[in-house]
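Below you'll find the structure, written out as C-alpha cells, and then a few comments.
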Ligand SMILES: NC(=O)c1ccc[n+]([C@@H]2O[C@H](COP(=O)([O-])OP(=O)(O)OC[C@H]3O[C@@H](n4cnc5c(N)ncnc54)[C@H](OP(=O)(O)O)[C@@H]3O)[C@@H](O)[C@H]2O)c1
C-alpha cells in the first residue's frame with residue numbers, strides 16, 4: 001500500500017519536481033491546486049498505514065484498501081496537465097482543489113495523508129495579495145495537518161526569512177537561528193520576505209502548541225528545468241538576461257540552487273526519521289549577478305547577455321554566507337551552478353520562452369545532475 005503525501009502547489013516549479021520525485025519513490029501523491037478543472041475532495045477514506053513511518057511508531061488509520069482515488073477526480077486543467085505525464089501519475093497521483101484560506105478544503109485534502117509538503121505560495125511583493133495566503137494560509141496548513149493526524153509537515157520557506165536583517169553579522173553564515181527583521185522588511189517593502197517570515201514563525205509556534213512534527217526547507221533562488229508549462233518567478237530572474245530586456249546587471253549577490261536538489265531536500269527532510277524540528281538552508285553557492293551573467297554567456301554566447309554592471313561606482317556587493325551542512329548530512333549532493341543554468345536555458349528554449357540559436361557549450365560536468373542516489377528504500381521500508 002503506497003504511503004500518501006500531500007503536496008500543496010503541486011503544479012508549481014518546485015512542487016512539480018517534488019511530485020515527480022515522490023512518484024518515482026513509490027508514494028501516492030495528493031496534489032493541490034486552486035485551479036478550475038480540479039474538483040473538491042468530497043469524500044475521503046483513509047488508507048491503512050504500515051506500523052512505522054518517519055521512524056516513529058504509528059497505527060493503522062482505518063478503512064481497507066486505497067479506494068479514495070475513485071472518489072476524487074483528477075485535475076485536468078492545462079496548468080497542471082504536465083503532472084499527469086509523470087511516471088506513476090496514472091496510478092498514484094490525485095489532484096484536489098484547495099484554497100489555502102478554506103480550512104475545510106485543506107482538512108479534506110490532508111485526510112489520510114502521512115506527510116504534507118507545503119509549497120503553495122504567491123511569490124511577489126504586492127502586500128494586499130500576499131499577506132493572507134502566505135500568513136493565514138500557512139497557519140491553516142499547519143493546523144489542519146495537525147487535526148488530520150499528519151505525521152510530518154515540511155514547509156517551503158525562503159532565505160528571505162533569514163537574511164533581511166541590517167543587524168546581522170555579514171561574515172557569520174546564516175543558519176537556522178537567523179531571522180529577518182520585520183521592520184526592515186516593511187521599510188524596504190519586501191512584503192514577500194515579511195509575509196514568509198511571519199508565516200514561518202507562526203508555523204513553528206502552532207506546531208509546538210499542537211505537537212506537530214514540522215521541518216522547514218529554506219530555498220534560495222531556485223533554477224533548472226521547468227516541468228510546468230508556465231513561467232515562474234525564479235526563472236524570470238535569468239530570462240531577462242537572455243532576451244536582451246536587461247541591458248546591464250544589478251550590483252547584487254544571491255545564493256542559488258538546482259530545482260532537483262531543492263525537491264530532493266524536501267523529500268529527504270520528510271523521510272529522515274530525525275529531521276523534524278529544524279530549518280534547512282537549501283543553497284549551492286553564492287554568485288554576484290556579474291558572475292551569473294558571465295557563466296550564462298560562457299554557456300550560451302548566442303544571447304545578448306549583459307556585460308556591464310548598472311552600478312559602476314561601488315565595489316561588487318557580497319552575498320550572505322550560509323551553511324548547507326545539515327542538508328549535506330541528509331545526503332544531498334548539490335549540483336554545480338553551470339549545470340542548472342544550462343538546464344534552465346535549454347528548458348526555456350524547449351518551451352518556447354526564448355528562441356533557439358547555435359553556439360551553446362555543454363558544461364564539462366554535465367551528467368552529474370542525474371537523480372541522486374537515494375536513501376529512500378531504507379525509509380520506504382519503514383513507511
Ligand atoms: N523558486 C524559488 O526560487 C524559491 C526560492 C525560495 C523559496 N521558494 C518557495 O518555494 C515554494 C514554491 O515556489 P515555486 O518557485 O515552486 O513557486 P511557483 O512555481 O509559483 O508555484 C507555487 C504554487 O503556489 C500556488 N499559489 C500561487 N499563489 C497562490 C495563492 N495566492 N494562494 C494559494 N496558492 C498559490 C500556485 O499553485 P496553483 O495556481 O495551482 O494553486 C503555484 O503553482 C514557495 O513557497 C516559495 O515561497 C521558492
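Annotations for the structure displayed:
- Listed peptides 249-257, 17-25, 110-118 by packing density, highest first (mean Cβ within 10 Å): 110-118, 17-25, 249-257
- For segment 292-349, the spread of Cα positions along each principal axis, largest first, Å: 39, 34, 15
- If the segment from residue 362 to residue 87 were pulled out straight at 0.36 nm per residue, it would be longer than the present Cα-Cα gap by 96.3 nm.
- Most to least packed among 188-200, 156-168 [average Cβ atoms within 10 Å]: 188-200, 156-168
- Calculated FRET value between residue 333 and residue 209, using beta carbons and R₀ = 41 Å, to 0.05: 0.70
- Projected label points at residue 310 and residue 323, each 7 Å from Cα along the beta carbon direction, are separated by 3.5 nanometres.
- Reported value for segment 217-269: 84 Å³ per residue, from the convex hull of its C-alpha atoms.
- What separates the Cα centres of segment 121-135 and segment 199-246 is a distance of 13 Å.
- Spin-label pair residue 355-residue 231: with each label point 7 Å from Cα along the Cα-Cβ axis, the two points sit 1.7 nm from one another.
- Cα pair distances exceeding 17 angstrom across segment 188-240, given as percent: 57 percent
- Estimated inter-spin distance, residue 248 and residue 124, nm [label 7 Å along Cα→Cβ]: 2.8 nm
- FRET efficiency for residue 239 and residue 184, using Cβ-Cβ distance with R0 set to 22 Å, rounded to 0.05: 0.15
- The packing ranking of peptides 298-304, 136-142, 4-10, 235-241, highest mean first, is 4-10, 136-142, 235-241, 298-304, where packing means the average number of other beta carbon atoms within 10 angstrom of each residue.
Rule-based calculations on the coordinates, nothing more; no lab input. Small disclaimer: the values here were computed from a predicted structure and weren't measured. Please note: Cβ atoms are built from the backbone with ideal geometry, for glycine as well, and neighbour counts cover all protein chains shown.
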